[in-house]
Every structure is written in C-alpha cells, then in structure tokens.
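Remarks on the structure that follows.
The values are calculated or read from the model by the stated rules, or taken from the named source; none is laboratory data. Given the structure is predicted, the values throughout are model-derived calculations rather than measurements. No Cβ is skipped: glycine too gets one built from the backbone with ideal geometry, and neighbour counts run over all protein chains shown. With ligands, DNA and RNA removed, areas are computed over all heavy atoms of the protein, side chains included. Shrake-Rupley method; radii C 1.70, N 1.55, O 1.52, S 1.80 Å.
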Amino acid sequence: MKKIIFALIILFLIIGIHLKNNIINVFSILFLSIFAFYIYFSKKCEQRKDSLIKEYEDKLEDLNQKKDDEIFEKNELYRIAVESFDGYIYICSDDHIIKYMNEPFIKRTGRDATGEKCYKALHDLEKPCSFCVNDQVQKGETVRWETKSPKDNKWYYIVNTPLYRKDGSIWKYAFIIDVTEKKEINEILKKKELEYRQLIENQEDLIVRVDKEMSLKYCSKKFVKLFPDYSDFEEFIRPNFEKVKKDNSKHEKMIINQEIKKRNQRVFLNWKIIPMEKIEDYLIVGRDITQIKKAEQLKAEFLGNVSHEIRTPMTSIVGYSYLAEKTSEKEKRNRYLTKISISSERLLLLLNDIIDLSRIEAGDVEINKELFSVNELFSEIYSRFKKEAEFKENTELIFTFLKDDIIIESDREKIIKVISNLLSNSFKFTESGFIRVGFNVENNNLIITVSDSGIGIPESKIGEIFKNFSQVDASRTRKFGGTGIGLSITGKFVDLLGGDVKVSSFEGKGSTFEVNIPVNAECLQVEDVNEKQDEKTHNILIVEDQKEIAIMLEEVFIKENVIVNLESDGESAVKYLKENTPDLILLDIELPGMDGFEVVKNIKKDKNTMNIPVIAMTAYANEIDREECIESGFSDYIAKPFNLNHIISKVRNYL
C-alpha cells in the first residue's frame, strides 16, 4: 500500500514537471514530504509497539515463572508435609475409589491399593463399611473419632475431611494417627491425677487453687468443711493475695496467720500464697496449727514451771546450808540437813525427768534388761522417799514387801523411774493421810500399785495426765507445783516395757495407779537375799578429777566398809593399777590428759586387771553414750547426777 501511494506521488510529480505545472509540482512535493514523515513515524510506532509487546511478553513470562515457582514450592511443601507425616494418609473419591496412599499406609496394608475400592482393599468387604462416613464428608463435614484396631490392638485417631475439586465433586481426604502411646500416657496421667487428688483430699492441709482474679478453681474437702462460704475466706485473704500479685517473682510466697472460731473453739491457721510456675494461677495452702499453738503454750508453761521447780529446791538447799553452817545445835542441824537432802532428791529427780524427756523425744531410749531382786529394788526406792515422808509428818509411807523375795529380769532403772515418779506425784498431792506401795509378781507380770489419800483427779482430767506438760491445774495461782512431765515419762516408759497403767481416782478422796509390766520371773528362788552382805572388806579405785565428788564418794563407801583409793587423772590410775588390783573401779570419762576410754583400754590389755569390773561415771546420759561405754570395755554405766543409794546398790552387785 505504501509503495502504491509512493508511486502515485512520483507519477504526479513527473506529470507536473512535464506539463510544467507548478501547482501540481508543489502538491506532489508536499505529499511526498508528508508521506516521508508518515513512513518515518509509522516505523517509529512499529518499533514502540514491538518494544511494548516484548516488555509485556517478558513480564508475562516472569509472572508465569513466578507462579510456576510458587506452585512448585507449594507442591513441594505439600509433598514434604505428606511424606514426613508420622501417620497414614489416603484419598478416596466420591465413588469409594482410592486415589492416593502415602508410603507408611502402603507399608501397613502391604501393597499400593490405588485405583481399588476402599472397602474391598482396606477391609475385604463387598460393599461400603457400616461405619463409612463418606455421606457426611460429601455434605462438607469433617468427621473425627478414635477407635481400637482388632488387628494390632492399637488405638488410632482418624480424621475424614472434604477435598473439593474443580469439577465440583468432593473427595475424602483421610489421615490416621497411632495414639496408643498417648492413650497409655493419658491413662497413667489420669491415675496419677486420681492418686494426687486422693493424697490432697486425705492430707490435713487446706488447699485452694485460684486464678489471678481470685476466682475459685479448686478447693479440698477439708477447706470446704472449715469454710463452707468461700466469700468469707476471700474477704480475709484478698489483701495479702493482691500483694503477692504485684510481686513479679514466681518463687516468692507470703505466709499469713489467721485465727477463727469454729464450734466455740479457737482454730489457728497458717496460710501460704504460692504463685504457680508457667500458669497464672495461685495455690493457697492452709495448715491447722491449733495443736502447735497449744504445744507452744504448754512448753512455755513447762519452762516457767521448770524454772520455778529448780529455783525452789535450790533456794531451800542454799538457805538451809547457810542455816546448818551457822547453828551449833545438833538437832537443828540434822533437821536442816534432812531438808537439804529432800530438796536435793527433788532437784535430782527433776533433772533426770528433763533428760529422760529429751531422750524420749529424740527416740534415744532403749530397754536394758538385767536380773535383780524385787525386794531389794523396792527397798532402795523406800530409802529414797523415807526422809520425805518423815518430813511431811502427817503422811505415812507404807511399803508392803514380799515374804519370799524373787529375782526378775527387766529394765531396773526404768522401773525405778516409773515408781519414783508415781511416788513423787503422790507426795505432791497428799497433804495428810497415807501413801501405800504394793507389788507382786504373777504370771510373769510385775504388778505395782501406788495409792494415796490425796486430792484425787477429776474424771474429765484422767485422760490428760499422761500427756507432755499436762497438769490438772496449770494456773499461776495453783496450790501444787510440778512441771507436768513426770507422769508423761512414766506412761512412755511403761509402754516401752510392754506394760500398761490403770488409774482410778475420786476427787477429794485419793488416787490409785496400777502398773503391769511383763518380766521374766522364771528364777523364783533367791539365795537368802536378806542375809547380810559378805563380811569381806573390799577394795575399790575411784578415778574422778572433781575433788568434791571424789571425797563424797569416798565418804559414802567408807561407811559401807569399803577401802577406797582415789586418783584424779587417767595416767595416775594406770600407774596405780600396775602395782595394785582393786575389786572394782569407778572411772570418770572426762579426765585430764588420758580420758576414761583410754584408761579402760589399758585395763583390758593387762592380764592382771582385765577381769576387774569397771563402772563408767559420766554426765553424758543418752543411750549412744551408754552403748559406747559398754562396747569400749566398761562393765556398767552410771549417769551423773546420780543417786547415792543407786550407786551403792550398783557397786554391791559387783562386789
């Protein structure tokens, strides 16, 4: 077309030249110029068009490539997700044809059943399963359930969800997860939760769980029992709860004490508010400390009473010692010395009670059985309390001894403690009348009765008298003293010995305590226990660094017709024994230089002294110390402070 137009313009130009027509020539040249410009701009437009088309094609290619990359990436993600899925996947069409199975499912079924009917391939059925959910999936529903496979006895979690296709059809996308381990863990957790819940419900603490707004999430039965209305508790605890909330530390806790009245009784509670880690909940744990408060009160009263009970005999000892020193009248001096002796016995009994109580509380008490004479044991106890009976004047102490004495086997020291505490109790509460002690052995049982004509015990208080620090009257204005531990120790010692204590009492008329203790009483014959001791003069060595104690023991045994030799340290004792052989050695443990254990070691190594009985004397009074002494070679053990009658009796047993 362009060529034809160009030819026509040239033709008109030739005609104009030939006819010499300037108008035709001008128009021809004009049209030629216009045509040239047209040709130029047409070419430019073509180039621009080609450029735009190329640019569009490039962009379209980039978009297609990007879309292909995205599709590929998504397909890869889906492929990786499917292949890495730790379970079984299959896709089934609306007519039950399996379209896809992942590798784990192929392995489980044993073959790739793609293209087969699902009910035939998976369940070997001729028609759709009774539990098939295709109809629900076709309606757009996702169906989930758990089932236990009869094939492998495992639990599976199954999800069937719709897979929408472009043609409008809906296929079923199914995935199956083995949840057997999860089910087992859940069962274990349920059992543990039940165990912990039972533990919580059966413990004494009150347990509450609340959220950060203090809304109740859990409370134990014991809490409900004490606080049937939660709002009452919330009102009390909220101010402290808010303080804990403001603290960012998850390990901080606040302790609050509360006192409430329940059935006309004061109840003391100790509360702890504890932030729970990883969750925004709080545990509030309460403990009933009523008994602890009562015990603290009793202990405070006990310490006050102990202070009083120690100061009273000490005042008497100091005062009468001063009076005895100042007077020249023999009768008065003897009376003062008797009162000093009685006060000393009371103080010694109290100190021994305190030591015994601490040993009992620490579980540091053992039974140490030995053979002993019943009459001799009660004679020793009688001699201890005879002076106190004489001092009271209006109170008669009556002991009924056995006509035919017998030997029994039991813990002699604990029986003495039991009877001494019962007698001390009777003396305390009997202002006039009698205190009677009877004893007998029947059917391998030592039966002891201690009766008095004292003030008696109210019936409501009889069950309390054997408890620690318990007293019938604990007021400051009470008439009778005491610490409230004597009968408690008596009851515990009788229990340790396998016996029991019975109490009968009438207020204002007196009390009777009957103690039954099992003993070995097979040896019923005694070789004339009442005959005089062997007239032979015995020789004993006393090794004691405290001069006052050494001289006192020397005076005691000289009166018992015993020759006494004194040494004040271990080395001197060993030197003495190289040249002398006493019948018995009383050896203190705490000695300067060589201690008692080293001394007894030397004694047992020497053939001349190895058979001499050695009795340890020590202020360390627990069972471990006693065992250490016996294991080290000592024959026996006496704890300081000691009763002189007791030590005399102990020494006689070895002479």
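Of all residues in region 404-413, how many are surrounded by fewer than 22 Cβ atoms within 10 Å (Cβ to Cβ) and either part of a helix (DSSP H, G or I) or touching a Pro at 6+ places or on another chain (Cβ under 7 Å) (or both)?
1
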Q. Going by the conditions given, is residue 93 modelled with pLDDT under 85 and either of a type in the set (Ser, Thr, Tyr) or touching a helix residue (DSSP H, G or I) at 6+ places or on another chain (Cβ under 6 Å) (or both)?
A. no
**Q.** Among (1) among the acidic types (Asp, Glu); (2) open to solvent by 60 Å² or more (accessible area, probe 1.4 Å); (3) part of a helix (DSSP H, G or I) - the single one residue 431 does not satisfy
**A.** (3)
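Being part of a loop (DSSP other than H, G, I, E, B) and open to solvent by less than 100 Å² (accessible area, probe 1.4 Å) is the filter; apply it to region 143-159 and report the residue that is modelled with the highest pLDDT.
154
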(Q) Can you tell me which residue is most open to solvent (accessible area, probe 1.4 Å) among those in region 386-403 that are without any contact (Cβ under 8 Å) to a residue 24 or more places away in the chain and assigned to a loop (DSSP other than H, G, I, E, B)? (A) 403
Q: Would you mind stating whether residue 383 is under 25 Å from residue 636 (Cα atoms) and open to solvent by 20 Å² or more (accessible area, probe 1.4 Å)?
A: yes
Q.
Against the condition in a strand (DSSP E or B), open to solvent by less than 50 Å² (accessible area, probe 1.4 Å), hydrophobic (A, V, I, L, M, F, W, C) and modelled with pLDDT of 85 or more, how does residue 267 come out, does it pass?
A. no
Q. Name the pairs: first residue in region 538-553 and over 14 Å from residue 570 (Cα atoms) and modelled with pLDDT of 90 or more, second residue open to solvent by less than 10 Å² (accessible area, probe 1.4 Å) and in a helix (DSSP H, G or I), Cβ to Cβ under 8 Å, at least 6 apart or on different chains?
A. 540/557; 540/651
Q: Within region 442-465, work out how many residues are open to solvent by less than 20 Å² (accessible area, probe 1.4 Å) and at positive phi.
A: 1
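In this structure, does residue 174 turn out to be surrounded by 14 or more Cβ atoms within 10 Å (Cβ to Cβ) and in a helix (DSSP H, G or I)?
No: the conditions fail for residue 174.
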Q.
Could you go through region 208-220 and let me know if any residue there is closer than 21 Å to residue 283 by Cβ, over 22 Å from the mean Cα position of the chain (by Cα) and surrounded by 16 or more Cβ atoms within 10 Å (Cβ to Cβ).
A. yes
**Q.** Scope region 306-330; condition modelled with pLDDT of 80 or more, touching a helix residue (DSSP H, G or I) at 6+ places or on another chain (Cβ under 8 Å) and among the hydrophobic types (A, V, I, L, M, F, W, C); matching residues
**A.** 314, 317, 323, 324
**Q.** Count - residues of region 177-192 that are loosely packed, with under 11 Cβ neighbours inside 10 Å and of a type in the set (Asp, Glu)
**A.** 2
**Q.** Pairs with Cβ under 9 Å, 6+ apart, first in region 290-305 and at pLDDT below 70, second open to solvent by 90 Å² or more (accessible area, probe 1.4 Å)
**A.** 298/467; 304/476
Q: Scan region 91-113 for residues that are within 21 Å of residue 162 (Cβ to Cβ), assigned to a loop (DSSP other than H, G, I, E, B) and open to solvent by 70 Å² or more (accessible area, probe 1.4 Å) and report the count.
A: 2
